[in-house]
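This report refers to the structure that appears directly beneath it.
None of the figures in this text is laboratory data; all of them are computed from the coordinates on show. These numbers were taken from a predicted model, which means no experiment stands behind them. Using ideal geometry, Cβ is built from the backbone for each residue, glycine included, and neighbour counts are taken over all protein chains shown.
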């Protein structure tokens, strides 16, 4: 048995097989819906159901979907299964539809401690191998025991080396190995690229970029691309960290604002050290954005970082005028089996 999914905002349609979720069916047929975690946590793949019914495993509403949003007709495509033909409104991203997913060996070219709990890792691919990705995407490091760890790429897609920003997780097995045991020239296996957190090039609306901690990585990759290609719209980067010591790319970003007329940069500290003479913005990074942008109509928002930050933006920005479909995000969920 198959059901038909007709897209409201697209001329295409696709079919779902029995027991198949909407996202999986779309990807199988070459239609890319925004997605990240694929387990119902992040909410990247939420769409609006105009007609028809869907169901979830065990009739449990996914964590990313509030009761209010469910009543309004929103569905989480990575978990929702069709119950008959449906009419769905959801973004599609053709830019990544032809991305080739590869599994490759690579060598750790460089390890540099950027902050007490952040390690810069540079990966070098085998000669003549190419790993083509879009700025903002991520890769998986494949561990020997079959587990995998996801990290956003911070480098430009044109770079010969792949740059990762790895935060040390308390009691994390892999991140503990990175900080305490791993050495330059060690070998790893990677797979990717994955994800749909990329800059949309089909509009000229101002964009607010919000990073929390190592959520800077995918936004740095986007800005690296902007530095190479130029930009034709204002970009406002807000980077939230605990203390000035955690702003591990602060000086470089200040230089980029002088290099790029389109870029402004605002660091925001949640717990600045009293001994430091910090005169910049303080508090939660999303609240600092709303101080500067009390009206969010006509802007795009790109955010990457911890789930509480993403949730706060989702809950507060629409009240300030952020329109449906203008919020793009990458929620940094930690692996459930120890990072």
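Just so you know, the Rg over Rh for region 102-194 is 0.93, from Cα atoms, with Rh as the Kirkwood radius.
By the count of neighbouring beta-carbon atoms within 10 Å, fewest first, 86, 210 end up ordered 86, 210. Cβ crowding within 10 Å, taken as a proxy for footprinting-reagent exposure, orders 310, 101, 33 from fewest neighbours to most as 101, 33, 310.
Sorting 113, 81, 102 by the number of Cβ atoms found within 10 Å of their own Cβ, with the fewest placed first, yields 113, 102, 81. Measuring nothing but alpha carbons in the chain and taking Rh as the Kirkwood radius, the Rg to Rh ratio lands at 0.96. With the Kirkwood sum run over all distinct C-alpha pairs, region 154-252 has a hydrodynamic radius of 15.8 Å. Relative to the longest principal axis of the Cα atoms of the chain, the long axis of helix 307-316 lies at roughly 60 degrees. Entry note, the chain: relative contact order of 15 percent, from Cα contacts under 8 Å with a spacing of 6+ residues.
The distance linking region 32-57 with region 256-332 is 25 Å (Cα centroid to Cα centroid, whole angstrom).
What is region 2-92 by shape, rounded, prolate or oblate, if you read a ≥ b ≥ c off the alpha carbon gyration tensor as root eigenvalues and call it rounded for a/c under 1.5, prolate for a/b larger than b/c, and oblate otherwise? Rounded, because the longest to shortest axis ratio a/c is under 1.5. Across q = 0.18, 0.23 Å⁻¹, region 207-331 modelled as identical point scatterers on its alpha-carbon atoms has Debye log10 I(q)/I(0) values of -0.96, -1.49, in the order of the q list. The long axis of helix 250-259 is offset from the longest Cα principal axis of the chain by roughly 80 degrees. Beta bridges per DSSP, both residues in the chain: antiparallel share near 60 percent.
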